[in-house]
């Protein structure tokens, strides 16, 4: 079981989150992952600016996937323009 925390930059709005969330879920599922839980943790102000952005929406995903697919998933998330930052941890 893995956990993925993503930060979506605030220039995107609350209305954009469902489409961004779907895109992230599709990336996970393309690698054979199974989403177990998804949470919108809301909009938060950063302690410091990231790429000139000071606010973002936090989305949390819990999912199952084969361990060797994590590196591919990580690379695909880095290439996704709607994801400002992400962190994948094993639970």
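Here are some notes:
- Of the listed requirements (1) within 14 Å of residue 86 (Cβ to Cβ); (2) modelled with pLDDT of 95 or more, residue 50 misses just one: (2).
- Test: residue in region 9-31 that is surrounded by fewer than 14 Cβ atoms within 10 Å (Cβ to Cβ), more than 12 Å from the chain's Cα centre (by Cα) and closer than 16 Å to residue 87 by Cβ: no
- Residues being part of a strand (DSSP E or B) and touching a residue at least 24 places away in the same chain (Cβ under 8 Å) - total across region 47-70: 13
- Test for residue 41: is it touching a residue at least 60 places away in the same chain (Cβ under 8 Å), closer than 15 Å to residue 62 by Cβ and outside any loop (DSSP other than H, G, I, E, B): no
- Exclusive hit being more than 14 Å from the chain's Cα centre (by Cα) and surrounded by fewer than 12 Cβ atoms within 10 Å (Cβ to Cβ), set 91, 78: 91
- From 22, 12, residue being more than 11 Å from residue 58 (Cα to Cα) and part of a loop (DSSP other than H, G, I, E, B): 12
- Within the set 15, 39, the sole residue that is modelled with pLDDT of 95 or more and out of contact with any helix residue (DSSP H, G or I) (no Cβ under 9 Å at 6 or more places or on another chain) turns out to be 39.
- Here region 56-71 is the region considered, the condition is being surrounded by 14 or more Cβ atoms within 10 Å (Cβ to Cβ) and more than 14 Å from the chain's Cα centre (by Cα), and the residue that is nearest to residue 21 (Cα to Cα) is 65.
The values are calculated or read from the model by the stated rules, or taken from the named source; none is laboratory data. Remember, predicted model here, so these are calculated numbers, not experimental data. Ideal geometry is used to build each Cβ from the backbone, glycine not excepted, and the neighbour counts take in all protein chains shown.
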